[in-house]
Structure formats: C-alpha cells, structure tokens
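The structure appears right after this line, and notes come after that.
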Amino acid sequence: MKQVSTISGRAIPLGLKNVDTDVIIPAHWLKTVSREGLGKGAFESIRQTPGNPFDVEDFAGAPILIAGDNFGCGSSREHAAWAMLDMGLTAVIAPSFSDIFSGNAFKNGILAVELPQEQVDRLLEVAKDHPITIDLENQFVTTPFQDRFAFEVDPFRKHCLLNGLDEIGLTLERDAAIETHEKERADSLPWLDAPTRNRREHA
Amino acid sequence: MPSKPRTLYEKIWDAHVVERQEDGTCLIYIDRHLVHEVTSPQAFEALRLSGRKVRRPDLTLAVPDHNLPTTPRLAPDGSRLPVADAQSAAQLAALEANAPSFGIEYIDAVAPEQGIVHVVGPEQGFSLPGTTIVCGDSHTAAHGGIGALAFGIGTSEVEHVLATQTLLLRPSKTMEVRVEGELGPGVTPKDLILHIIGVIGTAGGTGHVIEYRGPVFERMSVEGRLTVCNMSIEGGARAGLIAPDQTVFDYLEGRPYAPTDEAWDKAVDWWRSLATDECATFDKSVVIDASHVEPTVTWGTSPEDVVPIGGEVPAPESFADLSKQEAARKSLDYMGLSPGMPLEQVEVENIFIGSCTNSRIEDLRAAAAILKGRTKAHNVRWAIAVPGSGLVKRQAEEEGLDRIFTDAGFEWREPGCSACLAMNPDKVPPGERCASTSNRNFVGRQGPGSRTHLLSPAMAAAAAVTGRLTDVRKLLDV
Ligand code: SF4
C-alpha cells in the first residue's frame, strides 16, 4: 500500500450529509472483476445533476473530498473505497463517518479526517478557490490562509498509513511465526501439505 | 498440552493458532482455501498490484460455479460454448486466467470434477476433518459435515489468505445442538436443519460455532451431515460441525486429494482424537427431540419461517415480538399467502432440486424415488434437477436417475449454483412460487419477485407430482 504522509491539493467541496455507499458506488457496479475503473461509477447519481462540484474542471483529479455528517453509511461494500481511490481521492474530510466505511477506507489507504462542523464549513468555503493540505504526521489540516485545524487519528492506523502498511503487510511481518507453524505442522501432520500431490499419485 | 477438557471446535482452533495477541485475537493458519469466480477477482488483482504472491498455492483449489449456465457447455463439435452474459463471462474468464498465473490448481468449467465448490471440496477429498477451510462464500459452513472448521470470508479476507495463508480471528463461543431420538420415516436431514433453525432462530447461533451432537448425526450419511452444517449460517452461526467418525473416514478414503497409505493412517488417528472431550462444556446448549421433526417447509422470506407440512400459514399476531409481527406481515404480502391457509394448499409453478445444500447423489436418489413412475403436475411450468458436480451427475446417470427425472418432466442440467441465487440464467419469474431445495428464501433470491419455499429433495419431488406443497409421506409406501 502507498505511504500517506502529507496530502496537498484541491479538495472537492461536496458538503452533503449522509452520503451512503449506494451514492458512492451504485449496486449495478458490483458485478465487476476489477477495483480499477470503478471511479467511472463513483458518485454517479450526483454527477448526473448539472452544476455538481465533480464537473468543475479545477477539481479534476483532486485528492481530497469534503463531505457532511455520517459519510459512507449503508452497506459494507468495499467497492466504495475502491471507487474513490480509482477517481484519485486519498482523503475525505467530514464531521463524522460510518464505522464500516472508515474501516474500509483505512484498509485501502484512504485517510478519513474528522473535524467539527464549523471547521468543515470553513474548509468548504476555502476549497472553492484554493488548495488544502492535510499533514498526517503532525495531525493538522491547513489552508493558504491562517487556518490550522488539529484532528485526531488512531495511533495504530496512523502508523500503518505513514509506513504504507496494510493488514496483509502487517501479517507478512509475522512471517517467521507463520513459517514456524508451517514447520511444526509439516512434522506432526504432514498429510496436510500438498494435497495436489496426492491427486497426482492417485492418477 | 492443555489439560482442560475441550470441544471439537476448541481442539481444531488450538491446533491452528500461529500467534495469540493480548486481546485474544489469534492469527489462525488456514489449511484449505477454495476459490470461485465471484469473490476472487479483486483479491487476485490486489495481489498483482502489490506484487504479492500466493503463499500456498498447493493448499488452494479454484473452481467456477456461481455464474455458469447449466445448459450444455460444449457444442456438438466439442468446442466450448460462450457464456452469453458479458459480466458473468468476464468473472469466469478472470478466474480461468488468475488460477494458473498464481500457480493454483483449477478445475475448469467442462471438467468432469467441476461443480459447486462446497460439493467439490469433500467429494475430491480436498476438505478433510480437523482442517480449517475458508471460501469467499457463506455456505462454506457445509464442510463442517466432515468435521472441519469451515467458514465463509469476504474479498479482503480472500486476499489475506491468498497472501499469508492465515486470518486474524477472535475465537467464537461454543454452542451445542443436541438431537435426541430418531427421525421418523420420510423425515430427512434437510427437515431437521430447517426445524433447528425454526427453534433457534436466524440469530440463535450468532457469535457461536455450533456442534451438532446426538445419535441422529452418528447414524447420518456424510451427505446428510453436509446438508445440516451447510445451513448453520442460516441459524446465525459462522460455522457448524459434526465430530468426524468412521462414516466420514470411509467416505474420504481413496478420494483424489485425500492422504494415502501411512499418511492416511496417521491422519485417521489424529481425526479420532478430535471429538469433544466428555467433560467439555459449551457456552450454549439446545436440545431437540427428533421425533417432533416433521417434513418441514418455509412459508416466509426468512429461513426461520418454518412450519411442518401439515400446518398452516401463521398469523402475524401469533408472534410475541412486535418487529417479528411486522416482518411476518411483509413476508406474507411478498409471498402472496394469507394466515390460516394450509400449507398443502399452496400451489407451486417451479421446482428446483439443486444447490450446495441438496445436490449430492443421495439427494437426487431421494427425489427420484418419489418421481419414479410419476410425472409432474400440469400447473408445474418449470422443474429442473441440477446435480452438484459433474461426478454426481455421472453417477446419477449410471444409476438411471436422469431418465426418471426427464420422464417425470424435469430438465436434467449441468452442475452449478443455478437457481439457488439466480446469478446465471436460471431464474424464477416474478410472482411465481418455487419449491426449492436451496438454503435461502430471501426476497428476490431466486430472481426479482420470486417466491421461495425451502424444503427437502423428496418434498420437492412430491410438490412436482401434485403441483402443491405436499407431505411426501403420502406418496411413500409406508
Ligand atoms: S449453491 Fe447457492 S449457497 Fe451454495 S455456493 Fe452456490 S450460491 Fe452459494
């Protein structure tokens, strides 16, 4: 997974509350074989309304999304995070997130930043014409003006994001323990290994 | 070795702990990973993007099942027929390409061994007692029937297992479902598990792993045990299992992926040691009297909505719980049924015999025994029998069962998931009823607007003959 430290750039000022996973990626996009390309379906229903912020040229490829309360509620589909990543988003700022979404976002290296509503409102204002910076190391969101908003982040998640560690990466760090287990297992229950070999022997 | 008496589940769990964290979460080693085309493409893609390999391709087996049409797959000239639905075709093609590129053994769509992953695993001897088995499908619980700890996982977990051969898990609570006495004539393992779900409810096993215990299971065939464990998930449990015994060993010996010779003897010794210790305790215990189990059907849209075939559609007010009353009202509306209606008066237009719950040879034999010399009723528009695997199909044909089905007006199909979830072209039309041997009667499960009644293969055959839900015992020579 990519390391996340400082995210700087334009931020799409969406501001909507209760953006659910059906809005992030509608169900008809789920019968796919790739996480890539889902960006085309991301926020499909919003993009169909004229004058929506996704259509503004300045926001093309923007790394940050600013939304309202309860972002990512609804189903557990991981496709929501995949779709956002695919459209280039690596961070979302909102007053609150659904638990499942923040878990899925984290698993996929998307930073979910919670800030109080007034600060989110200020960022929505600034974002219209100016870039925004999220400094994960120091836990601040800043603007080209004097704004400097501190945010909380789970220390474990911060460590993973800063070092580009995903759950699989972390388990792979336990490689020695896994190998030891495999050796013990090969000694005590050797028939568990290579069942395909049995098949060839039978044939 | 811990001296505390342990359950079957605890013994399997302990044997697979790679590391235990302070909060009780364990890194658990996975012995067998079954892969199908629906939940694997994004996992393989992520491995590719991150440059990771499959840690143990030798412990992984891939087979397509969910999307495959059950109509013939080969043209008369022997060439493969294309899959019409573009998205289904893409998922199937992805598995066909991913398996060899990651070094995984792949059973292709036209191989005789192809079938529903939960039928293929035990049939090939790939699933073994005492092992941990995972698959990106919630009915993986089925493999508990041979005494394995088997459960379904999501796409990110599929990727985690492919890359590390482990999963981070918290131990489950233990639950015993003890069945006393004997099942009556015409009452099958499917009736028993439907009855059990009716007793414990769809949340009854939440957070638990169920062990099914009692003389009924000791006498039950492996096929029947797989049927029972398959639906543990409908009872809320992530997994369900039955202690492996001689019946299981006899079933597995000589199967393609099973150990041989000395290794086999060693394996059997270990398997015998896994049974729950006499003084071991369960966190929860439910006792069922087998003699109370009748041929059972569902009337609603939740697997707990069960009633004996001689019963009536219940009135929503008969439920104590207010939210259940509301759910029952919605179910009855969706199902087009009214309270007080005898189940035996419910007419069905469609019959589906298949799915990982009931598509093994014994299931087909039970249905054929009822259909022999009979034909489906005029109001039954569509009746299909879908064997669980190519090998089941071949065996059934050797026994002449295919002729019994086709003579009775059934279509005899190629193996796959089919109308269990209607991801392929086998769908029940909106507003029509289906007597189905599958495991889920959810709204729209067998196609948008479809109305499902879950029952056993023999009961499905009886419904085909009379055109109504019917007590199969009336058609038996008993
Ligand atoms: S038959 Fe049905 S329940 Fe079984 S694996 Fe296929 S879709 Fe899942």
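Comparing A:Val19, B:Leu183, A:Cys73 along the charge dipole axis of the protein assembly as shown, the residue lying farthest to the positive side is B:Leu183, per the Cβ-charge model. Given R₀ = 25 Å, FRET efficiency for B:Asp108-B:Thr202 by Cβ-Cβ distance, to 0.05? Between B:Asp108 and B:Thr202 the formula returns 0.10. By the Cα gyration tensor, chain A has an equivalent ellipsoid whose semi-axes, rounded to whole angstrom, run 40, 22, 13 from largest to smallest.
Residue pairs exceeding 23 angstrom between C-alpha atoms, taken from B:Lys11/B:Lys284; B:Lys173/B:Lys330; A:Lys107/A:Lys128; A:Lys158/B:Lys53: B:Lys173/B:Lys330; A:Lys107/A:Lys128; A:Lys158/B:Lys53.
Other residues with beta-carbon under 13 Å from the beta-carbon of A:Arg10 carry, at +1 per Lys or Arg and -1 per Asp or Glu, a net charge of -2.
When the alpha carbon gyration tensor of segment B:302-475 is reduced to an equivalent ellipsoid, the three semi-axes, largest first, read 28, 17, 13 Å. Given R0 = 25 Å, the distance between the Cβ atoms of B:Glu397 and B:Asp250 translates into a calculated FRET efficiency of 0.55.
Pairs of C-alpha atoms in the protein assembly as shown farther apart than 49 Å represent 18 percent of all such pairs. Our compactness index for chain B, the C-alpha radius of gyration over the empirical 2.2 N^0.38 Å, is 0.94.
Counting charges near B:Gly390 (Lys, Arg +1; Asp, Glu -1) among other residues having Cβ under 14 Å from its Cβ returns a value of -3.
For A:Phe151, the shell of other residues with beta-carbons less than 13 Å away shows a net charge of -3, using +1 for Lys and Arg and -1 for Asp and Glu.
Dipole magnitude for the protein assembly as shown: computed about the Cα centre from +1 point charges on Lys and Arg Cβ and -1 point charges on Asp and Glu Cβ, it is near 820 debye.
Got a sec? Which residues in segment B:227-250 would a label at B:Arg272 touch, if it sits 7 Å along Cα→Cβ and we count backbone N under 20 Å? Correct set: B:242-250.
Of all lysines in the structure, the ones whose alpha carbon falls short of 23 Å from that of B:Lys376, not counting any fewer than 8 places away in one chain, are B:Lys190, B:Lys393, B:Lys427, B:Lys474.
At an R0 of 35 angstrom, the distance between the Cβ atoms of A:Asp135 and B:Lys53 translates into a FRET efficiency of 0.50.
Here the spin labels are modelled as points 7 Å beyond Cα on the Cα-Cβ line, and at B:Ala75 and B:Arg219 they lie 5.4 nm apart. The helix-based estimate of mean residue ellipticity at 222 nm for the protein assembly as shown, built from -39,500 (n - 2.57) per DSSP H run of four or more residues and divided by its residue count, is -9000 deg cm²/dmol to the nearest 500.
Partner aspartates and glutamates whose Cα lies under 19 Å from the Cα of A:Lys40, excluding those fewer than 8 positions away in the same chain, are identified as A:Asp20, A:Asp22, A:Asp55, A:Glu57, A:Asp58, A:Glu78, A:Asp86, B:Glu45.
Candidate cross-link partners of A:Lys183 among the lysines, defined by an alpha-carbon separation under 18 Å and a same-chain spacing of 8 or more, comprise B:Lys266. The mean number of Cβ atoms from other chains found within 10 Å of a Cβ in peptide B:121-133 is 2, as a whole number. The loop-placed GluC sites (Glu not before Pro) in segment A:125-171, going by DSSP, that have at most 15 neighbouring Cβ atoms within 10 Å of their Cβ come out as A:Glu137, A:Glu152.
Each reported figure results from applying straightforward, stated rules to the coordinates on display, with no laboratory input. What you are looking at is a predicted structure, and each value in this text was computed from that prediction instead of being measured. Here Cβ is always computed from backbone atoms with ideal geometry, including for glycine, and neighbour counts include all displayed protein chains.
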